[in-house]
1. Pick out the one residue from GLU14, GLU60 that is in contact with a Pro (Cβ under 9 Å, 6 or more places away or on another chain), among the charged types (D, E, K, R) and loosely packed, with under 14 Cβ neighbours inside 10 Å.
2. Anything in the range 73-92 that is out of contact with any Phe, Trp or Tyr (no Cβ under 6 Å at 6 or more places or on another chain) and open to solvent by less than 70 Å² (accessible area, probe 1.4 Å)? List them, or say none.
Amino acid sequence: MTNSFGAYLREMTEQKGLPLQKIATQLNFDTSISGKIERVERNAIIEMLPIFSRVLDRNEKQIQIKFLEFSITNNYGKLTFLIDGSNSILKTL
């Protein structure tokens, strides 16, 4: 099971048979940075999501949802009141 957004991206690039270089070129940075994102040594940022969507031929909504899932789970998943806090946030959106 995929446990990080970087691992999810790696899985998607492997399924599509895309070289890391293609994603790095689209993001306008070095291949090593793409590799670091996949290995969770560096975090993806929101501005990268439309590019990942385009390069991986995925719906941007799907990419954003996965990004949110992994970000929230990995950063806040152990909080006792995560669900209550999430419900409070949803009321403000």
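1. GLU60
2. GLY77, GLY85, SER86, SER88
The values are calculated or read from the model by the stated rules, or taken from the named source; none is laboratory data. The shown structure was predicted, so the numbers you read here are calculated from the model rather than taken from an experiment. With ideal geometry, Cβ positions are generated from the backbone for all residues, glycine too; neighbour counts draw on all protein chains shown. The area values use the complete protein model at the heavy-atom level, side chains included, leaving out ligands, DNA and RNA. Shrake-Rupley method; radii C 1.70, N 1.55, O 1.52, S 1.80 Å.
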